[in-house]
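Comments concern the structure below.
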Amino acid sequence: MSAYSSTLYSVSLAGPTLFGPVISKAAEIASHSVQYGNNKYFVLLIITDGVITDQQETKDSIVRASDLPLSILIVGVGNADFTQMRILDADFGKRLESSTGRVATRDIVQFVPMREVQGGQVTVVQSLLEELPGQFLEYMRTRDIKPRPPQHASAPPAYPPPPPQL
């Protein structure tokens, strides 16, 4: 966080703020993983200072991605009006709906405005990660994916080897 804070003042941030293509690319990566039978779960972290300019494309991308092993964590920095971001984070029980009327199968977005947690007892990281375990478990349970049994490694050889017994 200190590296981010110190860097923030040496860069200039500019719009437009387009999430749709980034979310679609993350969904494509997750989809390929599923196609090849990899039991991996993906997390996309987006740090933004602006209002989304492709709101409908972003919603459509999120709804499509809601079937995939993917969670999207969004941190809002600065003083922008992040009302639209809260809509993406379906915390109030209303799941996102795409432009075609399809409803997201699950909530995969967690949005945290940095200004609301900065300096508080709960950190940005804690707030961001709050829903991730539930999102992960919901994905695994709905697909009946069970944890693999623990892999026990054989005991490493003793070095130096013990002397031969006579």
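The values are calculated or read from the model by the stated rules, or taken from the named source; none is laboratory data. No experiment lies behind these values; they were computed from the predicted model shown. We place every Cβ from the backbone using ideal geometry, glycine too, and count neighbours over all the protein chains shown. These area figures cover heavy atoms from the full protein model, side chains too; ligands, DNA and RNA do not enter into them. Shrake-Rupley method; radii C 1.70, N 1.55, O 1.52, S 1.80 Å.
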> Looking at (1) without any contact (Cβ under 8 Å) to a residue 24 or more places away in the chain; (2) crowded, with 17+ Cβ neighbours inside 10 Å; (3) among the polar types (S, T, N, Q), can you tell me which one residue 61 breaks?
Replying inline: (1)
> Restricting attention to region 13-30, does a residue exist that is under 15 Å from residue 109 (Cβ atoms), touching a helix residue (DSSP H, G or I) at 6+ places or on another chain (Cβ under 8 Å), open to solvent by 70 Å² or more (accessible area, probe 1.4 Å) and modelled with pLDDT of 90 or more?
Replying inline: no
>> Being modelled with pLDDT of 85 or more, within 14 Å of the chain's Cα centre (by Cα) and either surrounded by fewer than 17 Cβ atoms within 10 Å (Cβ to Cβ) or of a type in the set (A, V, I, L, M, F, W, C) (or both) is the requirement here; does residue 108 meet it?
In response: yes
> Quick one: what pairs do we get from region 34-54, first residue modelled with pLDDT under 90, second aromatic (Phe, Trp, Tyr) and open to solvent by less than 30 Å² (accessible area, probe 1.4 Å), C-beta under 7 Å, 6+ apart or different chains?
Replying inline: 52/19
>> Checking the structure you have, find out if any residue of region 86-108 is part of a helix (DSSP H, G or I), within 15 Å of residue 20 (Cβ to Cβ) and aliphatic (A, V, I, L, M).
In response: yes
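Would you call residue 83 more than 20 Å from residue 26 (Cα to Cα) and either of a type in the set (Phe, Trp, Tyr) or modelled with pLDDT of 85 or more (or both)?
Here the answer is no, as residue 83 does not meet what is asked.
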> In region 35-58, what residues are surrounded by 15 or more Cβ atoms within 10 Å (Cβ to Cβ) and either outside any loop (DSSP other than H, G, I, E, B) or in contact with a helix residue (DSSP H, G or I) (Cβ under 8 Å, 6 or more places away or on another chain) (or both)?
Replying inline: 41, 42, 43, 44, 46, 48, 51, 52, 54, 55, 57, 58
> Could you say which residue among 68, 88 is surrounded by 12 or more Cβ atoms within 10 Å (Cβ to Cβ), touching a helix residue (DSSP H, G or I) at 6+ places or on another chain (Cβ under 6 Å) and touching a residue at least 24 places away in the same chain (Cβ under 8 Å)?
Replying inline: 68
> In this structure, does residue 50 turn out to be closer than 16 Å to residue 115 by Cβ and not acidic (Asp, Glu)?
Replying inline: yes
